[in-house]
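The values are calculated or read from the model by the stated rules, or taken from the named source; none is laboratory data. The structure presented is a predicted model; accordingly, all values stated were derived computationally and were not measured. Ideal geometry is used to build each Cβ from the backbone, glycine not excepted, and the neighbour counts take in all protein chains shown.
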Amino acid sequence: MVGLRDATQYQTQLRTLLPAGPAWDPELVPELEKILLGVSQELARIDVRAFDLINEMDPLGVNELVPEWERVMGLPDPCMGDSPAFEDRRLAVRQRLVAVGGQSRAYFIDIAIRQGYPSAGITERRAPRFGRSRFGAAHFGTWAAQFMWTLNSGPRRRLGRRFGASFWGERFGANPSGALECVIRRSSPGHTLEFIDYGVDD
């Protein structure tokens, strides 16, 4: 890691900073080297931890301070369930910091993609109006239809737990979709009525 000194470098630096005179000569006082070694090891340890702290200040590198970031940002997200995986918690911290919200099709499609649905799309309804409606057109409905839309999730990536990539107590093959519904419905504009179509698995 750039900028970090190891114990040997610190020991060399401390040796050059010793005062002049026989009392501070490592050759005449061998015990002095042991003291310098002990101090240099501690300085190297502090140097590494200071570097770690700098990384923890940025959500892109956060690891140890995830609980503190969650406390500040109002996490863990209720949509993630009662016991989310640590990697999901860390990702939520990063996303919460840069999230700006939105009401566009692209915004909700992006939410679905981040939840593991790369083929997601949206179907919007249209209210019948003179000059814009015709017989046989799809999604012909009532005036309220203009406030309805459907997220077509498409197939989900295989994100379930696997042997060798899970820990004791996790369910193999579990690939829940509850988080998608929770996030979509929480983010949807209040005047709209959203539906989620998962399709039929082959």
State whether one or more residues within the range 112-126 are modelled with pLDDT of 85 or more, assigned to a helix (DSSP H, G or I) and closer than 30 Å to Asn55 by Cβ.
-> yes
Just to be sure, is Asn63 closer than 30 Å to Gly178 by Cβ and either among the polar types (S, T, N, Q) or assigned by TED's automatic domain parsing to the domain that holds Ala112 (or both)?
-> yes
For the range 65-108, enumerate the residues that are of a type in the set (D, E, K, R) and either assigned to a helix (DSSP H, G or I) or farther than 26 Å from Thr192 by Cα (or both).
-> Glu68, Glu70, Arg71, Asp82, Glu87, Asp88, Arg89, Arg90, Arg94, Arg96, Arg105
For the range 47-58, state whether one or more residues are under 30 Å from Ser187 (Cα atoms) and part of a loop (DSSP other than H, G, I, E, B).
-> yes
If you scan the range 127-165, which residues turn out to be modelled with pLDDT of 90 or more and either exposed (fewer than 15 other Cβ atoms within 10 Å of the Cβ) or among the hydroxyl-bearing types (Ser, Thr, Tyr) (or both)?
-> Thr150, Ser153
Taking the range 67-76 and keeping residues without any contact (Cβ under 8 Å) to a residue 24 or more places away in the chain and surrounded by 14 or more Cβ atoms within 10 Å (Cβ to Cβ) leaves Glu70, Leu75, Pro76
Qualifying residues in the range 79-110 (those that are among the hydrophobic types (A, V, I, L, M, F, W, C) and either more than 18 Å from the chain's Cα centre (by Cα) or at pLDDT 90 or above (or both)) - the one surrounded by the fewest Cβ atoms within 10 Å (Cβ to Cβ) | Ala106
Under 6 Å by Cβ, and 6 or more places apart or on different chains, what pairs join a residue from the range 77-92 that is not assigned by TED's automatic domain parsing to the domain that holds Gly178 with one that is outside any helix (DSSP H, G or I) and charged (D, E, K, R)?
-> Ala92/Asp77
Residue check, Val62 against (1) closer than 21 Å to Leu4 by Cα; (2) assigned to a helix (DSSP H, G or I); (3) under 18 Å from the mean Cα position of the chain (by Cα), all met but one. Which one?
-> (2)
